[in-house]
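Below is one structure, written out as structure tokens; the observations come after it.
Computed from the coordinates by the stated procedures, all read-outs in this text should not be read as laboratory data. Everything quoted here is computed from the prediction, not taken from an experiment. Backbone-built Cβ (ideal geometry, glycine too); neighbour counts: all protein chains shown.
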Amino acid sequence: MSLRARLTFLYSSLVGGILLLFGFVIYQLVSVSLIDQIDELLARTAGDLVASMRLNAVGEPDVDLAPDLELATNVYVQLWGRNTGLRFASASISHLREPLAPLDQFPAESVYRTTRIGETNLRVLSVPLSLGNRLVGALQIGASLAIVEATQRTLLTVLIAGVLASMGLAALAVSLTTYQALVSLERATNVALQITRADDLSRRIPYQGHPEDEIGQLIRAFNRTLGRLEDLFNAQRRFVADVGHELRTPLTVIKGNVNLLRRMGCADDESLGSIESEVDRLTRMIGDLLLLASVESGKLPLNIQLVEMDTLVLEVLQQTRVLAADRVHVRLGDVDQVLVCGDRDRLKQVMLNLVENAIKYTPAGGDVVVEVGKTDAQARFAVADTGPGIPPKDLPHIFERFYRAEKSRTRSKDGKGFGLGLSIAYWIVHHHGGQIDVESEEGKGTKFCVWLPLAEGEGDCQPEA
Ligand code: ADP
């Protein structure tokens, strides 16, 4: 059974059940109240009759209906003498010889009974008549239950019709509302199946309903998951393609050199050197990849301590002097004393990568300026160069792994760059609670800025309890 049918059945049965229960209670209350009213009428009439009763010469009761005592039309009276049998019967039942209710033994006290005479149900009150301690007869007063039964029948019809109508309405309402919700889910399921079948993660599930309702939220969450999956899938595809591409070049060089060595039958220094440098390159790339994998997943252990950024910058400049040689002028701009909490080696790695890139991409005679300072309670490390700049179309992607701007790909003859340095830097800064940004203008130069939370002293670097 479909969910919609199940819900419709469940809710309409629930509504029907509750209404039936209420109906039953109301039916019982009304029946009891109507019978009570009839019993009251019978008791009142009996009281009036007993008051107008007298004994005849043989000591049997006789009813003397006073002129002002008017019996209601549906009230029947019988007067029974203990020894003489039926003494009086009201006009409408004068033909009746039987007692209105069984009178096998004369009752010792008043008794109400429901009996049936012919086709009519009667409520009968039997009242004992006694003289002193002696029981001399009984008075029976009956009233037809036709009105009660008619009322009960009408009530039953109304209740059953009401229950059925309510069940029908509840079923309709539930069916309509669930249809609206489930049709969206059904559509979502179909699109999800199509996505799986067509292997097309770029598709999204449309939703026409209110975006904030439960279904809207579900579909939005599902679409977000699809988006994330698409990104991951694309990243993985790109990653495999990039790694494959990056591995192929050094492996081809190594294989070529090995073939050469084999043909020559002896080891020549140039071929061995080339093999060695390619193996080094591969080793570096694998090291970078492993580092990126652990830094991306946040699993790289960070040895957090107080770090003096200004001292670190001097070390970095010292280390990159050889790379710059006389080709590029590297100089210090404004340098403040700045403290941050972080892993010294990893922060140095970030600075080295930025300064080395600046030197690497700036043509001979260009300038690279390095600064350290504070801005808005943040430590700021900046590297600006007068290099070729990064084209606007590449700018949003340069922190992605293996991304290299088109010019760098063709120009990078030194064979050193894999396009992993900035990705690693990005994640290291990110895990230090900071951020890294870049401004660049083609033909004029590039400026990278790293922002990190400032620290006052050693106490700031304690891990939170
Ligand atoms: P690579 O090993 O290729 O330098 P990075 O991740 O460090 O890898 O840099 C990614 C790309 O960003 C580079 O290939 C280059 O295109 C661009 N880039 C980085 N720094 C600069 C810079 N200072 N000037 C121009 N382009 C840069």
Next on the checklist: A 28 angstrom limit on the alpha carbon distance is what I want to check against. Which of K348/K374; K374/K444; K255/K299; K393/K447 exceed it?
Outcome noted: K255/K299
Checklist entry - A171: net charge of surrounding residues, Cβ under 13 Å, Lys/Arg +1, Asp/Glu -1, itself excluded? => result +2
Checklist entry - For the pair R237 and T189, how long in nm is the line joining their label points, each one 7 Å along Cα→Cβ? => result 2.9
Item to check | Principal axis box of segment 3-151, alpha-carbon based, largest edge first, Å | outcome: 84, 30, 26
Checklist entry - In nm, what is the difference between 0.36 nm times the number of residues separating L314 and R262 and their Cα-Cα distance? => result 13.9 nm
Next on the checklist: Cβ neighbours within 10 Å, averaged per peptide: list 192-200, 131-139 in order, most packed at the top.
Outcome noted: 131-139, 192-200
Item to check | Compactness of the chain - radius of gyration and Dmax, Cα, Å | outcome: 51.7, 161
Checklist entry - Given charges of +1 on the Cβ of Lys and Arg and -1 on the Cβ of Asp and Glu, with all other atoms neutral, how large is the dipole of segment 3-151 about its Cα centre, in debye to the nearest 20? => result 600
Item to check | Normalised contact order of the chain, rounded percent, pairs of Cα under 8 Å and 6 or more residues apart | outcome: 10
Checklist entry - So, counting K/R as plus one and D/E as minus one, what does the shell of residues with Cβ under 13 Å around A146 add up to? => result +1
Next on the checklist: Go through the cysteines of the chain and tell me which have no other cysteine Cβ under 4.7 Å away.
Outcome noted: C266, C449
Item to check | Positive-end extreme of charge dipole, segment 202-249 - chosen from L247, A235, T225 (charges on Cβ) | outcome: L247
Checklist entry - Dipole magnitude of the chain about its Cα centre, charges +1 at Lys/Arg Cβ and -1 at Asp/Glu Cβ only, in debye to the nearest 20? => result 1660
Item to check | the chain, helix-only ellipticity at 222 nm - DSSP H runs n ≥ 4, -39,500 (n - 2.57), divided by all residues, nearest 500 | outcome: -18000 deg cm²/dmol
Checklist entry - Sorted by packing (mean other beta-carbon atoms within 10 Å per residue), highest first, where do 368-376, 108-116 land? => result 368-376, 108-116
Item to check | Extension gain, A108 back to A43 (0.36 nm per residue minus Cα-Cα distance, nm) | outcome: 21.8 nm
Checklist entry - What does the charge add up to near L226, with Lys and Arg as +1, Asp and Glu as -1, over the other residues with Cβ less than 12 Å from its Cβ? => result +2
Checklist outcome for this item: Hydrophobic long helices for the chain, i.e. whole DSSP H runs reaching 30 angstrom or more by Cα along the axis with Kyte-Doolittle mean at least -0.5, come out as 3-51, 146-198, 214-264, 269-296
Checklist outcome for this item: At the level of C-alpha centres, the distance separating segment 362-390 and segment 202-219, in angstrom, is 46
Checklist entry - Taking the radius of gyration and the Kirkwood hydrodynamic radius from Cα positions alone, what is the Rg/Rh ratio for segment 304-460, to two decimal places? => result 0.96
Checklist entry - How long is the gain from L272 to N121 if the chain were fully straight, where each residue apart is worth 0.36 nm and the alpha carbon distance is subtracted? => result 42.2 nm
